1. Taking the criterion of being over 23 Å from LEU203 (Cα atoms), more than 12 Å from the chain's Cα centre (by Cα), at pLDDT 95 or above and buried (at least 23 other Cβ atoms within 10 Å of the Cβ), would at least one residue in the range 328-346 satisfy it?
2. Restricting attention to the range 154-203, which residues are farther than 14 Å from ALA306 by Cβ and touching a Cys at 6+ places or on another chain (Cβ under 9 Å)?
3. Which condition does LEU203 not pass, out of (1) more than 19 Å from GLY87 (Cβ to Cβ); (2) surrounded by fewer than 23 Cβ atoms within 10 Å (Cβ to Cβ); (3) in contact with a Gly (Cβ under 9 Å, 6 or more places away or on another chain), if it passes all the others?
4. When you look at GLU185, is it free of Cβ contacts under 8 Å to residues at least 60 places away in the same chain and in a helix (DSSP H, G or I), yes or no?
5. State the number of residues belonging to the range 192-226 that are under 17 Å from GLN348 (Cα atoms) and in a loop (DSSP other than H, G, I, E, B).
6. Which residues, counting only those in the range 165-182, are in a helix (DSSP H, G or I) and polar (S, T, N, Q)?
Amino acid sequence: MGRHVGIVGVGQTHHSRRRTDVSQAGLVREAVDRALADANLSMDDIDTIVVATGPVLFAAVNQPEKWVVDAIGAQLKPVVRVTSGGGAGFAGALAGYYQVAGGFADRTLVVAYDKLSEGALQYSISTLYDPFWGREFAVGIMGFSAAYWRARMDALGHTEKAAAMVAVKNRKNAMANPYAHVKKEVTVAEVLASKPLCWPIKLLDAPPISDGAAAIVLASEDVAAKSTTRPAWIHGIAYYCEADNAAERSMLLSEPLAIAARHVYRAAGITNPRRQFDVVEVQEPYTCFELSYYESLGLCPPGGAAELIASGATQIDGDIPVNPSGGALGANPIGAAGLIRLIEGATQVMGRNESHQIKDAKLALVQSGGGWANLRGCAVLGA
């Protein structure tokens, strides 16, 4: 068994559609400076660095970690770059976690970012398919997600109205988040009437495209107290993958997420997730995915997601608040989105979330993922 690892410092930028005031390196520096200040540390105290981004074309810079090293003053330190699509930030945190848990480092800085206003997002996505078997049939993230949602509609009741309730909840929560990019409340009727993009996905089911960065400092139990008296301890973290084009791939349940949840729940002693977690942060690329996460994470039985969202249980004042931050519908710098979910979960259990603190939150569940919904992971954070 490795060492216990905690999050002792966090920082994120103010996200927006276009951060024209800073370069990509400046964006990263902004998040890193905030995380180091939050942890009462300087770069001299950091042993290793993990840089996480989306695919390079997302921000149109090849090998961006070299640029980042100069920007944050990390010369002559071990640096590794991780990319995993939408789950890059979460995968970066996992890589940093194992460096500390395994004894290679006492403190690791993880920084994740994307400056999507400068990249070629859709072109990049079209190159992600297998060049022989899949490229000619590429339908993009939205087309695949629409098919994924449609498969659940009749079988599990993941209706357009149920997904619209997710949009209403998350967009309302984002209003209080000082870092959110989109701040506009909507109604179920407005979501249902919004412009069709790829049925059943509509404009208000989709997240924004954002520029932004996030950073965390991970520390071993031996040095964590030098930064804070209340770290967010990582009780379990896992990231699983299934085959991209598996013939028997389930469209009803995210199998990699369900496997990751079982693994993490065993590590953290979770037997009743609906009752044991105080707050949940999920990375919802479209509203329909949040419904599927409820079921894959065991917050409700298969087919119970529509009833759960309708009951108000996942509202910020419900018994199992989901995305009090507003989730990806509030801000979506893709490479950083997973790390932002960890930051939101961490600040909740540390008891110092700036604007949407859940009272007495002691245990948080965090979910993230990338790829064509075939990369999924989760973590349990505790006080």
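The values are calculated or read from the model by the stated rules, or taken from the named source; none is laboratory data. Owing to the predicted nature of the structure, the values given are computational and were not obtained by experimental measurement. Note that we place each Cβ from the backbone using ideal geometry, even for glycine, and neighbour counts take in every protein chain shown.
1. So far as the range 328-346 goes, yes, one or more of its residues are over 23 Å from LEU203 (Cα atoms), more than 12 Å from the chain's Cα centre (by Cα), at pLDDT 95 or above and buried (at least 23 other Cβ atoms within 10 Å of the Cβ).
2. If the condition is that a residue be farther than 14 Å from ALA306 by Cβ and touching a Cys at 6+ places or on another chain (Cβ under 9 Å), then ILE201 is the only one that fits.
3. (3)
4. no
5. 0
6. ASN170, ASN173
Residues checked against (1) crowded, with 20+ Cβ neighbours inside 10 Å; (2) under 16 Å from the mean Cα position of the chain (by Cα); (3) under 25 Å from ALA31 (Cα atoms); (4) of a type outside the set (S, T, N, Q):
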site	(1), (2), (3), (4)
MET175	no, no, yes, yes
PRO178	no, no, yes, yes
GLU190	no, no, no, yes
LEU197	no, no, no, yes
ILE216	yes, yes, yes, yes
VAL223	no, no, yes, yes
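Here is a yes/no grid of residues against (1) closer than 24 Å to ARG376 by Cα; (2) among the acidic types (Asp, Glu); (3) modelled with pLDDT of 95 or more; (4) touching a helix residue (DSSP H, G or I) at 6+ places or on another chain (Cβ under 6 Å):
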| residue | (1), (2), (3), (4) |
| --- | --- |
| ASP130 | yes, yes, no, no |
| GLY143 | yes, no, no, no |
| THR187 | no, no, yes, no |
| GLU190 | no, yes, yes, no |
| SER194 | no, no, yes, yes |
| LEU203 | no, no, yes, no |
